[in-house]
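A short worksheet on the structure shown next.
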Amino acid sequence: MTVTQIPLFNASMNALATVLISAGFIFIKTGNKTAHRKAMLSAAVVSALFLCGYVTYHYLRRGLHTPFGGTGIIARIYYTMLISHITLAVAITYLVPKTFALALKGDYVRHKAWAKIVFPIWWYVSVTGVLVYFCLYNWWPAK
């Protein structure tokens, strides 16, 4: 894999995480705890792979900023989304492992309370990660 292919890999991992997180949500709502556990653990692995790809990409590029080519209202929408994505992505690096730890310890009451807050944040970060990729590389690439 080349450095230029890593953003697509990262977006793919985010998209897969979104599917797995959504499936996990559906599984727990329908009472399938085994499938929920498998989906959520898989989502965690995929998210960890994304994080490795993200860190590797920015290390190899020496932290260079990827310019956004959109202007006007599109730029305002993009940067608002990006700021919320980054802020919440930092938060989930603590929130997701904490939520998992509660489940792994068998503290399902607290796990459920945390998950009600963490699930929509993690889902949003995964979805907006894919949107950031499309904005930067497909819809409004810098010229």
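Computed from the coordinates by the stated procedures, all read-outs in this text should not be read as laboratory data. This structure is a prediction, so every number in the text was calculated from the model and none was measured. Cβ placement follows ideal geometry from the backbone for every residue including glycine, while neighbour counts extend to all protein chains displayed.
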For the chain, what number of Lys pairs, 8 or more residues apart or on separate chains, have alpha-carbon atoms under 22 Å from each other?
-> 16
Enter the angle in degrees (range 0 to 90, nearest 10) between the Cα long axis of helix 72-104 and the first principal axis of the Cα atoms of the chain, meaning the one along which they spread out most.
-> 30
What trypsin sites (Lys or Arg not before Pro) in region 20-80 are in a loop by DSSP, with at most 14 other Cβ atoms within 10 Å of the Cβ?
-> Arg61, Arg62
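Give me Ser22, Ser84 ranked fewest to most by other Cβ atoms within 10 Å of their Cβ, as a rough exposure proxy. Write down the numbers at each step before the final one.
Working: Ser22 16, Ser84 13.
So the ranking, lowest neighbour count to highest, is Ser84, Ser22.
How large is the Kirkwood hydrodynamic radius of the chain, in angstrom, based on all distinct alpha carbon pairs?
16.1
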Going by alpha carbons, how many degrees (0 to 90, nearest 10) lie between the helix axis of 6-29 and the longest principal axis of the chain?
-> 30
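Please rank Cys135, Cys52, fewest neighbouring Cβ atoms within 10 Å first, as an exposure proxy.
Cys52, Cys135
For Val90, Val125, Val118, Val19, what's the fewest-to-most ordering of other Cβ within 10 Å of each Cβ?
On the way: Val90 11, Val125 26, Val118 19, Val19 14.
Fewest to most other Cβ atoms nearby, the residues stand as Val90, Val19, Val118, Val125.
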Relative to the longest principal axis of the C-alpha atoms of the chain, give the angle of the C-alpha long axis of helix 33-60, reported between 0 and 90° and rounded to the nearest 10°.
-> 30
Which value at 222 nm does the chain reach when only helices count, each DSSP H run of 4 or more adding -39,500 (n - 2.57), with the total divided by all residues and rounded to the nearest 500 deg cm²/dmol?
-> -28000 deg cm²/dmol
